[in-house]
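Here's the structure, in structure tokens; my notes come after.
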Amino acid sequence: MNSLLQEIPKMSTKSDTWYHFVKKGSSGVCKYCHIEVKTCGNTTNLRNHLLRRHPSIKSTNEDIATTSTSKEKFGINDALSLTSSKEYYDSDLESIASSSVSLKKSKLNQLTMDSCVDNIKAFSEKVAAVVTDNGANIVKAVTIAFGKQKHLWCFAHTLNLVAQKPFEEKAGIESAKQLLNTVKDITRYCKQNVNVADALRKAQNDIAVPLKLIQSVCTRWNSIYYQLVRFVKLSELLAPILLNYPKAPPMLTASQLDGIKDLINILKPMEAVTKEVSVEKFVTSSKIIPIVSCLLKTYSTMKTETDEEQSPSNGGNEELNP
């Protein structure tokens, strides 16, 4: 019996208080509230922290003493069972404390959220208007916080949605969509093919910084306009390069390039207006009505290159009349 007891490892002299803390240098971090407590070479501060912040957690000295005494009275198996019970008791305490902390955190988060909402509602009386983009989520948030009557749509964002309308898959204009899709295919191929991109760069030896094709992105304002302008500018260099690659998309014809130039002329006023209203140092709301009036007048009198070619002033229709 004595030989069996001697085989049992001696209990550590480490204080039981450390069951509730994680050692961190000369301090201990509480497992329940995650507060760092200085130890100063002993566990007095740790015990005081447990008494003040977690009074429901009792010290385990008595359990350890009971376990040591039980080894002598009841034997090895009983002592080991008591030790296991102590560990199980400690794990229960930790889980209860953790759930309590989580509950407190959730209540704190809810209180913080309610406080923010109350502050926004109190502040909303002083807000004259809130300007946002056309995103459904931000529109709903502003409507809930300040009311629908105080929400204003961003003019520049709305204007760019108008510019994208002819190129939409469902409600767009078929000829405009076909031209843009062709330009996108060529741009994508040039960006993915290293040899084509390198040939395009070498063809611009007279330029200090060679230009690259631009791919349009629906979330980037005026990106369709910038893509078409750059494509037309590089079209003369790009056409002979694509002829050397059988798998390349077919290059646009002269009439298709004229159609792209028409699209550029249509989108150019919107790009200029977007720049005009996208400033930070002064208010631009007073410009919106005059700008809309100018845009309507510009588009009502605008003539594309295709219209000019078909105009009677060019003599095209005069020959058909007897």
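The values are calculated or read from the model by the stated rules, or taken from the named source; none is laboratory data. The model shown is predicted, which means the values in this text are computed figures rather than measured ones. Every residue, glycine as well, gets a Cβ built from its backbone with ideal geometry; the counts of neighbours run over all protein chains shown.
Looking at this structure, is Phe167 of a type in the set (Phe, Trp, Tyr) and in the same structural domain as Leu252 (by TED's automatic domain parsing)? Judged against the criteria, Phe167 is a match. Reported count of residues in the stretch 265-287, each being β-branched (Val, Ile, Thr), more than 20 Å from Arg220 (Cβ to Cβ) and at pLDDT 90 or above, is 0. Answer yes if at least one residue in the stretch 194-202 is within 13 Å of Pro249 (Cβ to Cβ), of a type in the set (Lys, Arg) and out of contact with any Gly (no Cβ under 6 Å at 6 or more places or on another chain), and no otherwise. For the stretch 194-202, residues within 13 Å of Pro249 (Cβ to Cβ), of a type in the set (Lys, Arg) and out of contact with any Gly (no Cβ under 6 Å at 6 or more places or on another chain): absent. Which one is farthest from Val277 (Cα to Cα), of the residues in the stretch 204-240 that are among the β-branched types (Val, Ile, Thr) and assigned to a loop (DSSP other than H, G, I, E, B)? Among those residues, the one meeting the criterion is Ile207.
Picking from residues in the stretch 255-293 that are touching a residue at least 12 places away in the same chain (Cβ under 8 Å) and among the acidic types (Asp, Glu), the one that is nearest to Asn160 (Cα to Cα) is Glu271. With respect to Arg201, is the statement that it is part of a helix (DSSP H, G or I), under 16 Å from Ile264 (Cα atoms), of a type outside the set (A, V, I, L, M) and assigned by TED's automatic domain parsing to the domain that holds Thr274 true? Considered against the rule, which asks whether it is part of a helix (DSSP H, G or I), under 16 Å from Ile264 (Cα atoms), of a type outside the set (A, V, I, L, M) and assigned by TED's automatic domain parsing to the domain that holds Thr274, Arg201 comes out as no.
Just one of the listed residues (Asp307, Asp262, Asp258) is at pLDDT 90 or above, over 37 Å from the mean Cα position of the chain (by Cα), of a type outside the set (Lys, Arg) and not in a loop (DSSP other than H, G, I, E, B), and it is Asp258. Restricting Ala248, Ala239, Ala254 to residues that are crowded, with 16+ Cβ neighbours inside 10 Å and within 30 Å of Asn195 (Cα to Cα) narrows the list to Ala248. The sole residue among Lys170, Lys233 that is loosely packed, with under 14 Cβ neighbours inside 10 Å and modelled with pLDDT under 85 is Lys170. For the structure I just gave you, tell me whether Thr44 is modelled with pLDDT of 80 or more and surrounded by fewer than 17 Cβ atoms within 10 Å (Cβ to Cβ). In short, yes.
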